[in-house]
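Each remark here refers to the structure printed beneath this line.
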Amino acid sequence: MDGHRVPKQDFAPQFAQALMLEQTRFIKKQLLAEQNNPYIEKFIHHIYTHSDQILLKQCIQLEALQDVVQKYAFELNLGAEILEFIGLIAQRIHHLAINSHTQINELFSDESFELWLYKILELDQLRHYIQANLQHNPQVNHVSLQLANQILESNTPWLDHLRKLNTHEYGLSSKILSFIQDQQQNIELKLEQQLAQALLKQLGNIILLPNEELADISLHLWDDVKQRTLKETFSQFQAIDFEEFFILVYETWRQLRQGEYLQQVILDVVAVFYNYFADYNLQELLQSVGLNEADLHQEALRFLPHAIQALEQQGLLDEILQQLISPFYLSETTHQFIEQYIQDKL
């Protein structure tokens with residue numbers, strides 16, 4: 001037996017190594033337990049039970065929270081693979097929509113439409129602001145003049161020949177044609193200006209109609225739209241249109257998030273959230289978003305057992321557990337403790 005005795009200086013490291021392997025085996029057995037894993041349930045139970053003793057401000061600092069927002073909201077850029085995935089998702093949504101006979105009012109009820117409608121109609125000040133801008137904004141006036149020109153030309157095709165006629169010859173007939181052409185152009189210009197003003201005036205009048213009349217018009221339009229199916233509506237778009245729309249939204253967000261104003265708004269919202277909930281404990285925060293201990297159990301058991309089993313199948317679970325606990329067992333301090341403990345017991 002003496003020939004197999006472990007040298008005194010090697011006993012503590014080897015004993016620590018044996019303890020580490022045994023603890024690894026024990027923890028792995030607990031983690032891999034099937035049917036309502038008690039190890040995970042106890043872990044969640046202890047976290048939730050003691051979460052009422054930890055305030056938000058004790059475990060998270062405002063500066064750290066804002067740094068997270070800074071990184072993921074302002075700086076993070078999606079890779080090519082994610083953008084390609086977004087494109088595939090957009091195509092899938094389009095495919096499902098053009099094959100669906102679901103009506104729009106099954107997604108957006110009459111009650112929801114009316115709530116939004118009447119809330120918008122309450123914004124009287126905004127409607128007056130829009131109406132005033134329609135009348136005095138140079139760009140709006142320019143657009144209305146272009147629209148009036150298109151309306152006039154599309155409804156008077158018989159004048160196209162006269163509009164395009166070139167009268168370079170001299171003579172009485174040419175002068176008469178040139179005079180008629182000039183008068184026709186002057187008349188059309190005045191008609192365009194009057195039509196443009198009439199369009200803006202009518203649009204302004206519609207915007208300022210009494211709430212009851214606007215509501216009646218909107219509800220009549222909704223009665224027609226709500227009965228249409230997704231297939232009927234989305235068939236007007238190509239799959240590539242959907243894909244480009246989602247990519248465009250992302251690219252627009254990338255540009256907007258670089259603006260100082262938007263960044264300050266987001267950071268201020270984060271600060272307001274933090275200041276409001278700083279003195280809430282973690283259990284209260286969970287409850288405020290509708291989660292309790294049973295929910296945490298359910299979600300943990302929904303994902304963790306499968307993830308742990310996958311790690312075990314790949315031969316990674318032992319390595320991960322040993323990486324977590326090995327610093328203690330490899331520590332010289334631990335070895336000294338073992339040696340001192342054994343000496344005290346002898």
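The values are calculated or read from the model by the stated rules, or taken from the named source; none is laboratory data. The structure presented is a predicted model; accordingly, all values stated were derived computationally and were not measured. Counting neighbours? That spans all protein chains shown, and the Cβs are built from the backbone with ideal geometry, glycine included. Note: accessible area is taken over every heavy atom of the protein model, side chains too, but ligands, DNA and RNA are not part of it. Shrake-Rupley method; radii C 1.70, N 1.55, O 1.52, S 1.80 Å.
Before we move on, is residue 65 surrounded by 15 or more Cβ atoms within 10 Å (Cβ to Cβ) and assigned to a helix (DSSP H, G or I)? Yes; evaluated as a whole, the condition is true for this residue.
Summed over segment 103-125, the residues that are aliphatic (A, V, I, L, M) and open to solvent by 90 Å² or more (accessible area, probe 1.4 Å) give a count of 3.
Would you confirm whether or not segment 227-237 contains a residue that is loosely packed, with under 13 Cβ neighbours inside 10 Å, part of a helix (DSSP H, G or I) and either under 30 Å from the mean Cα position of the chain (by Cα) or free of Cβ contacts under 8 Å to residues at least 12 places away in the same chain (or both)? No: zero hits.
Could you list all residues from segment 73-95 that are in contact with a helix residue (DSSP H, G or I) (Cβ under 8 Å, 6 or more places away or on another chain), hydrophobic (A, V, I, L, M, F, W, C) and part of a helix (DSSP H, G or I)? Once the filter is applied, which keeps residues that are in contact with a helix residue (DSSP H, G or I) (Cβ under 8 Å, 6 or more places away or on another chain), hydrophobic (A, V, I, L, M, F, W, C) and part of a helix (DSSP H, G or I), segment 73-95 yields 73, 74, 83, 86, 89, 90, 93. Filtering segment 42-60 to residues that are part of a helix (DSSP H, G or I), open to solvent by 60 Å² or more (accessible area, probe 1.4 Å) and either aromatic (Phe, Trp, Tyr) or touching a residue at least 40 places away in the same chain (Cβ under 8 Å) (or both) leaves 43, 45, 47, 52, 53, 57, 59. A search for C-beta distances below 8 Å between a residue of segment 211-222 that is within 12 Å of residue 113 (Cα to Cα) and any residue that is open to solvent by 80 Å² or more (accessible area, probe 1.4 Å) and in a helix (DSSP H, G or I), counting only pairs 6+ apart in sequence or on different chains, returns 215/118. Looking at segment 272-294, can you tell me whether even one residue there is exposed (fewer than 14 other Cβ atoms within 10 Å of the Cβ) and more than 30 Å from residue 70 (Cβ to Cβ)? Yes, segment 272-294 contains at least one residue that is exposed (fewer than 14 other Cβ atoms within 10 Å of the Cβ) and more than 30 Å from residue 70 (Cβ to Cβ). For segment 238-263, the set of residues classified as among the aromatic types (Phe, Trp, Tyr) and either open to solvent by less than 80 Å² (accessible area, probe 1.4 Å) or not in a helix (DSSP H, G or I) (or both) consists of 242, 246, 250, listed by residue number.
Every condition in (1) among the acidic types (Asp, Glu); (2) in contact with a Ser or Thr (Cβ under 8 Å, 6 or more places away or on another chain); (3) closer than 19 Å to residue 55 by Cβ holds for residue 318 except the one numbered (3).
Residue-by-condition table, conditions (1) under 22 Å from residue 34 (Cβ atoms); (2) assigned to a helix (DSSP H, G or I):
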site	(1), (2)
268	no, yes
273	no, yes
279	no, no
303	yes, yes
322	no, yes
334	no, yes
338	no, yes
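Looking only at segment 307-319, residues that are more than 28 Å from the chain's Cα centre (by Cα), loosely packed, with under 15 Cβ neighbours inside 10 Å and without any contact (Cβ under 8 Å) to a residue 12 or more places away in the chain come to 6 in all.
Looking at segment 40-53, which of its residues are of a type in the set (A, V, I, L, M) and over 17 Å from residue 291 (Cα atoms)?
40
Here's the yes/no breakdown for (1) of a type in the set (Ser, Thr, Tyr); (2) modelled with pLDDT under 85:
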{"site": "151", "(1), (2)": "no, yes"}
{"site": "157", "(1), (2)": "no, yes"}
{"site": "173", "(1), (2)": "yes, yes"}
{"site": "178", "(1), (2)": "yes, yes"}
{"site": "183", "(1), (2)": "no, yes"}
{"site": "188", "(1), (2)": "no, yes"}
{"site": "194", "(1), (2)": "no, no"}
{"site": "224", "(1), (2)": "no, no"}
{"site": "227", "(1), (2)": "no, no"}
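Kindly evaluate residue 309 against the criterion of being in a helix (DSSP H, G or I) and at pLDDT 95 or above. Against the criterion (in a helix (DSSP H, G or I) and at pLDDT 95 or above), residue 309 does not qualify.
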